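Every number here is computed from the coordinates shown, using simple stated rules; none is lab data. As the structure is a computational prediction, the values presented were derived from the model and not from experiment. Because the Cβ atoms are built from the backbone with ideal geometry, glycine has one as well, and the counts that use them run over all protein chains shown.
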Amino acid sequence: KKIIMKLNSSSSWIIIYVFLFFVTSTIKAHEFTKCDPPVEDQLKVNAVAFSPDPVEPGKPLVVKISGGPTDVEVTGGKATLSVLLFGTKVINIDFDVCTEFGVKCPVAKGENWNGAITYDIPSEIPSGISATAQVNIKDAAGNDLSCFQMDIKTGSDNDVSFFSQVIRRLRAISSALL
C-alpha cells in the first residue's frame, strides 16, 4: 500500500523551518573574547561561529561573524585572520571586508551586519593542536573597527595528540636511521 500524506501550507512551512534549523545548526556558536590590548568594538560583534568545530586539517574552515548595531558606517576595509601557536603568529591572512569577508557594503551606522571568512586548513597540520585565532577588522583608512579572538583546536578529542604524533614520527625517523 502506498501512504500518501497531504500537506497543507502551514505544515509545509513547519517542515521547512525544521529542515533549516538542522542544516544551520551544524555551525555552532563559539566563545570569543576581545583582543589584548583591547580595541573599541565599533562593529558590536555579538556572535562568532565556525564549522567544523573542532577544526579539521585538510578541510575548509568557515568562520561566521555577526554584529550590530554599528557605531560607524562601513564602506570598506580589511579583516585580518591571524593564527597564533604558542603565542607566535603562524598565519596572517587579509580579507577585503566587502568582497571576501561577505559583508554587504555599505553598512550604515546603526545597522546589523553579517560576514564570513573561509580558509582551507592545510592537511599537514596535525590533530590535537590548540591555538588562538584572532580577527582584526579595520576600515579603509586603517582605523581599528573591532578585534576579537577565540581558542581553537584541531581534530576531535578522539584524535591522537600533537605530542604523541611528534614522538611517533621521531621514533619512525630513528628506526629508519638505525
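Return the distance in nm (one decimal) between the two label points of a simple spin-label model at LYS109 and GLU40, each offset 7 Å from Cα along Cα→Cβ.
Label-label distance for LYS109 and GLU40, simple model: 1.2 nm.
Short version: ³J(HN,Hα) in whole Hz for each residue of the range 138-152, in order, from phi by Karplus 6.51 cos²θ - 1.76 cosθ + 1.60 (θ = phi - 60°), x for Gly and Pro, what are they?
10, 7, 4, 8, x, 7, 5, 10, 6, 7, 9, 9, 8, 7, 10
Loop only per DSSP, at most 11 neighbouring Cβ atoms within 10 Å: give me the trypsin sites (Lys or Arg not before Pro) in the range 98-161, ordered by residue number.
Hits after loop and neighbour filter: LYS104.
Restricting to DSSP loop positions (anything but H, G, I, E, B) with no more than 12 other Cβ atoms inside 10 Å of their own Cβ, which chymotrypsin sites (Phe, Trp or Tyr not before Pro) remain in the range 74-126?
PHE86
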